[in-house]
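K.L.:
This is the structure I have questions about; it appears just below.
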Amino acid sequence: MKIDMGAPRAQPTQPPRLAARKASSLSMPVQGASSGPPEGGVPPGAWRALGVLCVAVLLAMTTWFSASAVVPELTARWSLGPTAAAWLTIAVQLGFVTGAVTSAAFTLSDIVAPRRLVLLGALGAAAANAGLLAAAGASAAIPLRFATGFFLAGVYPPAMKSMATWFRASRGTALGILVGALTLGSAMPHLVKGLGGLDWRVVVVGTSLLTVAGGLLALTAGSEGPFPFPRAAFDPRALGRALGDRGVRLATLGYFGHMWELYAMWAWFGVFYADVLARAGSDAPLRGAAFAAFGVIAAGALGCGAAGALADRWGRTRTAGAAMAVSGACCLVAGALQAPWLVLAVGLVWGFAVVADSAQFSTMVTELADQRYVGTALTAQLAIGFTLTVATIWLVPLVREAAGWWWALALLAPGPALGVVAMARLAASPDAARIAGGRG
């Protein structure tokens, strides 16, 4: 079935960006705010601010990334079974969801200054992570990992909102670079594992200190841009209104399909590739799989940047739809392959595409949502999306045991398929005029 990702729309009688602003009075600049450069340009200092924010968020989120490096050693130290070991990872996801829901319900991302909220979240996450040093087993460690995820919900969404104050033009590129930095951070524990790893106490102390440093960097070296969002007061109905907007709802639906696939692919590709290497007679399948997983996930950092630049020029709905079509095809192909080199080649394409669309869903929300409550809309999108990741991370190994890797990986394909349909509908809707300067 051919889906037209770029349905024709009536031509605006004004320049696209002006038409996009008039399409929604909620998108007007804040009265009295700095007007910045002419529309279409990037203000001086924007790329420096983005660089500072990328480093700050990457440092602040290391307590999340460290789980992949720490869990194997803690599993052996505490004699954990597979279920308890899995909960050390899943607890972080659930904590993030709970923190994001709490933040969205109380509109914290819109009533607290973004960089101050990043610092508070970083301090809480660092303290919870450091608590692992005193834990004697999973009964104490799992709540601490939950708390780590809870506080990290105060880091990522406000950082995206802060970044958006610097970029109207090139916003997709900028957010793509930010998500790319986080993707590279997600890959690093696999590299550490492949190189032989570090003592778990060193990892815990080091990541806690880095998280504090990231929060301090965001507050002291970062700054808000010349395109601030309107000030907001607490409104318990803001979340419902955000999700009730058709454009926001379609962008969020696309994100849900993306998240159904993403974290399960990241979590299980290394295990899948270790099985491929073992079948091929490799002497060190686990080490080889760790390096392969690092390469596959790190490829996504390139995908985020490339998709961001493409989306600003070609349109976000088209770019996101194309990325999900590629990643969905990889879900169906990878599990049927046997040769390690061919699996790795497909894996690199999959890793590039599977996260390339991620930043564009969030960018669309910043363009379509009520500008007073952009932070709340972003946080709600993340909260529900991360809830879905728990289901697929749990299901993949069960399906693998019951039916093999092809079915386990094919289980992920409905997510990007749903996303492609959502992006096609959004591209054909009037809301597309407000996305990427009218490019959809």
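The values are calculated or read from the model by the stated rules, or taken from the named source; none is laboratory data. Just so it is clear, the structure is predicted and the values come from calculations on it, not from any experiment. Cβ placement follows ideal geometry from the backbone for every residue including glycine, while neighbour counts extend to all protein chains displayed.
K.L.:
Can you pull out the residues in segment 353-405 that are at pLDDT 85 or above and not in a helix (DSSP H, G or I)?
P.N.:
Val355, Ala356, Asp357, Gly404
K.L.:
Could I ask something else about it? Ala56: modelled with pLDDT of 90 or more and buried (at least 18 other Cβ atoms within 10 Å of the Cβ), yes or no?
P.N.:
yes
K.L.:
Here's a follow-up. Anything in segment 421-440 that is under 10 Å from Gly321 (Cβ atoms) and buried (at least 23 other Cβ atoms within 10 Å of the Cβ)? List them, or say none.
P.N.:
Ala422, Met423, Leu426, Ala427, listed by residue number.
K.L.:
While we're looking at this one, here's another question. Residues Arg77, Arg116: which one is modelled with pLDDT of 85 or more, charged (D, E, K, R) and either in contact with a Leu (Cβ under 8 Å, 6 or more places away or on another chain) or farther than 24 Å from Leu209 by Cα (or both)?
P.N.:
Numbers: Arg77 fails: either in contact with a Leu (Cβ under 8 Å, 6 or more places away or on another chain) or farther than 24 Å from Leu209 by Cα (or both).
Only one candidate qualifies: Arg116.
K.L.:
Would you please list the contacts, defined by Cβ atoms under 6 Å and residues six or more apart or on different chains, that run from a residue in segment 418-432 that is under 13 Å from Gly254 (Cβ atoms) and in a helix (DSSP H, G or I) to a residue that is modelled with pLDDT under 95 and among the β-branched types (Val, Ile, Thr)?
P.N.:
Once the first residue is under 13 Å from Gly254 (Cβ atoms) and in a helix (DSSP H, G or I) and sits in segment 418-432, its partners that are modelled with pLDDT under 95 and among the β-branched types (Val, Ile, Thr) give Ala424/Ile3.
K.L.:
Now for a different question. I'm trying to understand the selection: among the residues of segment 231-257, which are under 30 Å from Arg48 (Cβ atoms), of a type outside the set (Phe, Trp, Tyr) and modelled with pLDDT of 70 or more? Steps first, answer last, please.
P.N.:
At the first step, the residues of segment 231-257 found to be under 30 Å from Arg48 (Cβ atoms) are 231-232, 251, 255.
If we keep only those that are of a type outside the set (Phe, Trp, Tyr) too, we end up with 231-232, 251.
Across segment 231-257, the qualifying residue is only Ala251.
K.L.:
Quickly run through segment 343-387 and pick out the residues that are in contact with a Phe, Trp or Tyr (Cβ under 7 Å, 6 or more places away or on another chain), within 17 Å of Gly270 (Cα to Cα) and not aliphatic (A, V, I, L, M).
P.N.:
If the condition is that a residue be in contact with a Phe, Trp or Tyr (Cβ under 7 Å, 6 or more places away or on another chain), within 17 Å of Gly270 (Cα to Cα) and not aliphatic (A, V, I, L, M), then Gly347 is the only one that fits.
K.L.:
Out of (1) on the phi > 0 side of the Ramachandran plot; (2) in contact with a helix residue (DSSP H, G or I) (Cβ under 8 Å, 6 or more places away or on another chain), what's the single condition that is false for Ala424?
P.N.:
So Ala424 meets the others, but not (1).
K.L.:
Can you tell me how many residues in segment 321-370 are under 21 Å from Ala424 (Cα atoms), in contact with a Gly (Cβ under 7 Å, 6 or more places away or on another chain) and not small (Gly, Ala, Ser)?
P.N.:
Qualifying residue count for the region: 7.
K.L.:
Considering only segment 99-107, I want to know if a residue exists there that is under 30 Å from Ala164 (Cα atoms), touching a Pro at 6+ places or on another chain (Cβ under 6 Å), of a type in the set (S, T, N, Q) and touching a residue at least 12 places away in the same chain (Cβ under 8 Å). Even if it seems obvious, please write down each step before you answer.
P.N.:
Our first condition is that a residue be under 30 Å from Ala164 (Cα atoms); within segment 99-107, this holds for 99-107.
Next, only the ones that are touching a Pro at 6+ places or on another chain (Cβ under 6 Å) stay: none.
No - not one qualifying residue is present in segment 99-107.
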